[in-house]
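To keep things clear, I will list the structure first and then write my remarks on it.
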């Protein structure tokens, strides 16, 4: 597996991004999906990566800078036919390494609740993320939850 910058002109990337956005809308109550769309992923404060097995896209993920010492994980998604292949772990490790290189002391994420989110939550918790308070502009609800990893 190789992790590299995401190419927004690549049809595989665009297809997986569409699947991700559709999945977030289908599994989140109205107004509670905060997944970044194409324009959001192209902002200068967001780094978008992709993980590949030769010519096949396995997954995507992004790191958004919230402050000079704080980043947010965004848009983590693995292709359905490549779940449990190690792609999500490879992406998460690449994003956390990038956060460390930037000198972030903390990485946070917002996600939902329910069965659709359990595999991702298990991955994050396995890598040391802990439940915590809302951050940035998020507001706690019955649906969302917040996890944080201290890198210090």
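What follows is calculated from the coordinates using simple rules that are stated; it is not laboratory data. These figures come from a predicted structure and were not determined experimentally. In this analysis, Cβ positions are derived from the backbone assuming ideal geometry, glycine residues included, and neighbour counts consider all displayed protein chains.
Structure data summary
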read-out: Segment 9-62: proportion of alpha-carbon pairs further apart than 12 angstrom, %; value: 68
read-out: For q = 0.20 Å⁻¹, Debye-computed log10 I/I(0) when each Cα of segment 2-150 counts as one equal scatterer; value: -1.42
read-out: Virtual paramagnetic centre 7 Å along Cα→Cβ of residue 1, amide N under 17 Å, in segment 92-122; value: 92-99, 119-122
read-out: For segment 62-112, average projected area of the Cα convex hull in nm²; value: 3.6
read-out: Per-selection metrics, segment 62-152 (Cα): Rg and Dmax in Å; value: 12.8, 36
read-out: Segment 23-94 and segment 112-152: distance between their alpha carbon centers, rounded to Å; value: 14
